[in-house]
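Below you will find the structure I want to go over with you.
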Amino acid sequence: MAGVVVCHGSTTVRERLVLTALGVPSLAPVRAAASVDELVTLARRMPPTIVLLDAHLGGVGPIEAIRRLRSVSGATTVVLLATPGDEVALDRAIAIGARGYLAPDVGRAELSAVAAHVLATPVMPAAVPVGARTEPSTGVIEALTEVPAQAHAPETVSLTKREIEVLIGMSNGRSNSQIGAELFLSEDTVKTHARRLFRKLGAADRAQAVAIGLRRGLIR
């Protein structure tokens, strides 16, 4: 296994990510795919260590892409390229083995950190046949996500137990209503906890909050 494959439907995004990844030695070689078929073909030739996968990939979509990839390269780490609002896609992808997510405009420093993390904790091979049904994971999933430079978290952060539970739900890609159902709270109450933890963390949205929480060791 070697390198990274950037699989994205946008030529502009794909080319920018390839250039970014080329600046990270541990990700070499860097290859690109515009479709699921191209991704699977590249994986058959040389299984990649990491695949950066478009959460809005056209054709059969990212979920089927992960299943097909798993059938030829079960030990590849899949990281979705997603933005706030993609919680449903993230939840489904994580349920079948995606490791987490990054913003499509991720920078070189963030990619380097992700590469180091993935190489230190590789995925155990576990192929998922095409069409196989899977159940959602109940564990805390690592959300490998970028924090834009303008986000500034306070030096010390103290979250309540409930705020941490809500943050964990966000890291799992859960929507507010799903978090509420899991914690037996109303959606409005979840939103209130979310606003408070955003303020405490100095985060503008879910992606920033999860990233700050991970980096501060508030969640794992």
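At residue 15 and residue 164, where each label point lies 7 Å from the Cα along Cα→Cβ, what is the point-to-point distance in nanometres?
4.7
Suppose every Lys and Arg Cβ carries +1 and every Asp and Glu Cβ carries -1, with no other charges. What dipole size does region 37-109 come out with about its Cα centre, to the nearest 20 debye?
400
Okay, moving on. Residue 189 to residue 108: extension gain in nm, 0.36 nm per residue of separation minus the Cα-Cα distance?
Working: separation 81, 0.36 × 81 = 29.16 nm, distance 3.73 nm.
Length difference between fully extended and current span is 25.4 nm.
Turning to a different aspect of this structure: Leaving ligands, DNA and RNA out of it, report the carbon-plus-sulfur percent of the accessible area of region 1-129 at a 1.4 Å probe. Don't skip to the end; give the middle numbers.
Values: 3130 of 5240 Å².
Whole-percent figure for carbon plus sulfur exposure: 60.
Here's a follow-up. Per residue, how large is the accessible surface of region 150-220? Use a 1.4 angstrom probe and give square angstrom.
53
Which three lengths, in whole Å and largest first, does region 44-106 cover when its Cα atoms are put on their principal axes?
Extents along the principal axes, in whole Å: 33, 23, 20.
Heavy-atom accessible area per residue, region 1-122, 1.4 Å probe: how many Å²? Before the final figure, lay out the partial values.
Values: 4730 Å² over 122 residues.
It amounts to 39 Å² per residue over region 1-122.
Moving on. What shape does region 10-81 take by its C-alpha gyration tensor, where a ≥ b ≥ c are the square roots of the eigenvalues and a/c under 1.5 counts as rounded, a/b above b/c as prolate, and the rest as oblate?
oblate
Continuing with this model, one more query. So what are the radius of gyration and Dmax for the Cα set of region 175-220, in Å?
Rg then Dmax for region 175-220, in Å: 10.9, 29.
Need one number: nm distance between label points at residue 72 and residue 44, each 7 Å from Cα along Cα→Cβ, rounded to one decimal.
Here the answer is 0.5 nm between the modelled labels.
Now a separate question. Suppose a student asked you for the relative contact order of region 29-96, using Cα pairs under 8 Å spaced at least 6 residues apart; what percent would you report?
Reported relative contact order: 35 percent.
The values are calculated or read from the model by the stated rules, or taken from the named source; none is laboratory data. Quick caveat, the model's predicted, so the values are computed rather than measured. Positions of Cβ are backbone-derived with ideal geometry, glycine not excepted, and every protein chain shown enters the neighbour counts. Heads up: the accessible areas ignore ligands, DNA and RNA and are worked out on the full protein's heavy atoms, side chains in. Shrake-Rupley method; radii C 1.70, N 1.55, O 1.52, S 1.80 Å.
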